[in-house]
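Here the structure comes first, spelled out in structure tokens, and everything after it is commentary.
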Amino acid sequence: MASKKIAAGIDIGGTNTVFGFVDRDGNILAEDKIKTGQYDEIEVYVAALYEKMMIARQKITEDVEIIGFGIGAPMGNINKGTIEYPANLPWKGIIPVADVFKKHTDLPVVVTNDANAAAVGEMIYGGAKGMKNFVVITLGTGLGSGFVVNGKLLYGHDGFAGELGHTSIRPGSSNRDCDCGKKGCLETYVSATGLKRTLLKVMADSTKPSDLRKYSFNELDAELIHQAAKKGDHLAKRAFERTGKILGFKLADVVAHTNPEAIFLFGGLALAKELIFEPAKKAMEENLLHIYRGKVKLLPSQLSTQNAAVLGASSLIWSLRES
């Protein structure tokens, strides 16, 4: 009997690197993690990661064959197999992560950013199965995006196409600072941190009572705001409405650029369901050119939130194999 083929998915984060071995149906057969920040040198980090992965592989009781390693990372460049100038990782500059990894294996190693990995994951395992044109928006600490056009992930000339979070919603010197150095970027308004900033503005402009007034900025998080909005907190609901409206306004531009069948929202803010989906859908439809109206689905991701990063990274290998 032939061995079951599995793909390795690796998600490199600023705190932890999470990995798992995934079959074609999206089942994670083994998983574990290491502390990213413990390793000052990329060579030492990759060696430790690979060793831990091989230990985890031995825990799989089935007869399996690894077919490749997919890596999702901030500022990952699929064209070069590099991570370039990441803000929250211990290594600086251009990091040749694929080349270092290939010192330990002859199998394919694919690197891209986490939002692109999520888009491929949606196509391989999630709600975009069978779709050729769709967009995935990841709503976490920041806002990431992956564009699939004619069944292929859009990478662009340098491998960095689709940075929707760093397009300007309100350019100008008086608007919100972004960690990228620009002002008025979409992710400063539409993200977990953007929602917090909007709530503080809403509270400053209103005298209405809210249980959220007792929290400092550092204590507040998107989940607290979500729970307050579900209980009917007027200011929390208004913050979500403003956030969704800005997102929908920008999604109308996305539709004009790529004419997708669907747009999937993934991440913490997407779990707020109608609080974010309803104002986003309304604003998107209001700002669409008439030829697009009523044609684009705005949907929640069907990837498991808990394992999505590993699933997305592993899907890069299945996509490579099936292309």
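Read-outs throughout are calculated quantities, based only on the coordinates presented, and are distinct from any laboratory measurement. Note that the structure is predicted; figures quoted are calculated from it, not measured. For neighbour counting, all protein chains shown are included, and Cβ atoms are generated from backbone atoms with ideal geometry for every residue, glycine included.
A few points about this structure:
- Shape class of region 11-50 from the Cα gyration tensor (axes a ≥ b ≥ c, square roots of the eigenvalues): prolate, since a/c reaches 1.5 or more and a/b is larger than b/c.
- Two-site FRET efficiency, Asp40 against Ile60, from Cβ-Cβ distance with R₀ of 30 Å, rounded to 0.05: 0.45
- Take each peptide in 207-218, 126-137, count the other Cβ atoms within 10 Å of every residue, and average; sorted highest first, the result is 126-137, 207-218.
- Ascending count of other beta-carbon atoms within 10 Å, so fewest first, for Leu29, Leu143: Leu29, Leu143
- Gaussian network model of the chain, Cα within-10 Å springs - most flexible of Lys295, Lys231, Lys102: Lys231
- Per residue, the chain reaches -10500 deg cm²/dmol at 222 nm when only DSSP H runs of four or more residues are counted, each adding -39500 (n - 2.57).
- Exposure proxy ranking, count of Cβ atoms within 10 Å, fewest first, for His104, His257, His290: His290, His257, His104
- Cα-centred dipole magnitude for region 246-300, charges only on beta-carbon of K, R (+1) and D, E (-1), debye, nearest 20: 60
- Top positive-direction residue, dipole computed over the chain with Cβ charges, set Leu29, Leu289, Ile71: Leu289
- Here the calculated FRET efficiency for Asn133 and Glu286, from their Cβ-Cβ distance with R0 = 25 Å, stands at 0.65, rounded to the nearest 0.05.
- Longest segment of the chain lacking GluC sites (Glu not before Pro) that sit in a DSSP loop with at most 12 other Cβ atoms within 10 Å: 63-218
- Dipole moment magnitude, nearest 20 debye, the chain about Cα centre, only Lys, Arg, Asp, Glu C-beta charged: 1100
- Shape of region 219-323, Cα gyration tensor, a/c cut at 1.5: oblate
- Counted charge near Gly151, where neighbours are those whose Cβ lies closer than 14 Å (Asp, Glu -1; Lys, Arg +1): 0
- Antiparallel DSSP beta bridges within the chain, as percent of all bridges there, nearest 5: 55
- Packing-based order for 16-22, 198-204, 151-157, using average beta carbon neighbours within 10 Å, highest first: 16-22, 198-204, 151-157
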